[in-house]
Amino acid sequence: HCTFCATVLARGAGRSREPGALVAEAALLAQRHPEIVLTGVHIGTYGSDLTGGWTLGRLAGLLIARVPDVRFRLGSVEATEVDDALVSLMAGAPERLAPHVHAPLQSGSDAVLRRMGRHWYSAASYARRVEAIAARVAPLGLGADVMTGFPGETDADHRATVDLLRGLPFTYLHVFPYSPRAGTTAPLLGAPPAPDVVR
């Protein structure tokens, strides 16, 4: 639950669909579509509310085994939640699981990440995981979301983000300015930088 995001407010806590239902739906989609994107609000936590030890990596393996003649692709997933099973599938069967990771970064400043409520990673742990994925999956399509102008962001925070971005093998970036959302706590953290600074 990030301090800037209203998604959890609108949709509630995460819920994992049963693996069998996902296999059945994917089999129907595969009749007309060559690629299926696994997507959701926070897909890296898939299975945490199910019994049986389900993870996103295990689900991807099941889908690949049960639904032939289609390629799967991960939607947005936290870099630190791309497990070894997913990396092995992307590296070993790129025709079945696209070698593509869109891993939201938001900021390369630990101070900003803390204010954002993104407590499950730091700039360093994000970089380590991305580097580990890129070392095993080549070529790798790597993208990220990056937010500018978060309340309290300083020039030093921005430099930390730019430095991190320059040091990692990104293919593309989605860069966007912070905008307040009703019901979130980020607006309580102070005013964002001036619009010309954000730009």
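Modelling each spin label as a point 7 Å along the Cα-to-Cβ direction, I'd like the Ala191/Asp110 distance in nm, to one decimal.
Result for the modelled spin labels: 3.0 nm.
Could you please state how large a percent of the accessible area of the stretch 1-53 is carbon and sulfur, counting protein chains only and using a 1.4 Å probe?
Result for the stretch 1-53: 56 percent of the exposed heavy-atom area is carbon or sulfur.
From the protein chains alone at 1.4 Å, what is the descending order of accessible area for Val198, Val82, largest first? Don't jump to the answer; show the numbers that get you there.
Numbers: Val198 35, Val82 0 Å².
These residues rank, largest area first, as Val198, Val82.
Might you tell me the accessible area per residue for the stretch 129-199, computed with a 1.4 Å probe and given in Å²?
57
So what is the calculated 222 nm ellipticity per residue for the chain, using -39500 (n - 2.57) for each DSSP H run with n of 4 or more, over all residues, to the nearest 500 deg cm²/dmol?
So the calculated ellipticity at 222 nm is -10500 deg cm²/dmol.
Whole-Hz ³J(HN,Hα) for each residue in the stretch 78-91, computed from phi via Karplus 6.51 cos²θ - 1.76 cosθ + 1.60 with θ = phi - 60°, x for glycine and proline: what do you get?
4, 4, 6, 10, 7, 7, 5, 5, 5, 4, 4, 5, 5, 6
Expressed in whole Å with the largest first, what are the equivalent ellipsoid semi-axes of the chain derived from the C-alpha gyration tensor as the square root of 5 times each eigenvalue?
Semi-axes (√(5λ), whole Å): 32, 20, 14.
Within the stretch 169-189, list the residues whose amide N lies under 19 Å from a label point set 7 Å along Cα→Cβ of Arg199.
Correct set: 175-180.
What number comes out for the charge environment of Glu35, summing +1 per Lys or Arg and -1 per Asp or Glu over other residues with Cβ under 14 Å away?
Around Glu35, the surrounding residues sum to +2.
I want to verify a result. In a Gaussian network model of the chain, Cα cutoff 10 Å, which of these has the top mean-square fluctuation: Leu28, Leu142, Leu105?
Looking only at Leu28, Leu142, Leu105, the biggest GNM fluctuation is shown by Leu28.
Give me, ordered by chain and number, the residues 5 or more places off Arg71 or on other chains with an amide H under 5 Å from its own placed amide H.
Residues meeting the criterion, in which the H sits 1.01 Å from N, are Glu35, Ile36.
5 Å is the cut-off here: which amide hydrogens, built 1.01 Å from N in the peptide plane, fall below it relative to Gly141, excluding neighbours closer than 5 in sequence?
His100, Val101
Assuming R0 = 41 Å, can you tell me the calculated FRET efficiency for the pair Gln31 and Asp155, based on Cβ-Cβ distance, to the nearest 0.05?
Efficiency for this residue pair is about 0.15.
How large is the dipole of the chain about the Cα centre if only Lys and Arg carry +1 and Asp and Glu carry -1, each at its Cβ, rounded to the nearest 20 debye?
Here the size comes out at about 240 debye.
Residue by residue, what Karplus-based ³J(HN,Hα) values in Hz, rounded to whole numbers, does the stretch 172-183 have, using 6.51, -1.76 and 1.60 with θ = phi - 60° and x for Gly and Pro?
With the stated coefficients, the stretch 172-183 comes to 7, 9, 9, 10, 8, x, 4, 9, x, 10, 4, x Hz.
Grab the eigenvalues of the alpha-carbon gyration tensor for the stretch 85-168, scale each by 5, take roots, and send me the semi-axes largest first in whole angstrom.
Result for the stretch 85-168: semi-axes of 28, 11, 10 Å.
The values are calculated or read from the model by the stated rules, or taken from the named source; none is laboratory data. A quick note: this is a predicted structure, and the numbers were derived from the prediction, not measured. Here the Cβ is made from the backbone with ideal geometry for all residues, glycine too, and neighbour counts use every protein chain on show. Ligands, DNA and RNA are stripped out before the accessible areas are found, and what is left, the full protein with its side chains, is counted by its heavy atoms. Shrake-Rupley method; radii C 1.70, N 1.55, O 1.52, S 1.80 Å.
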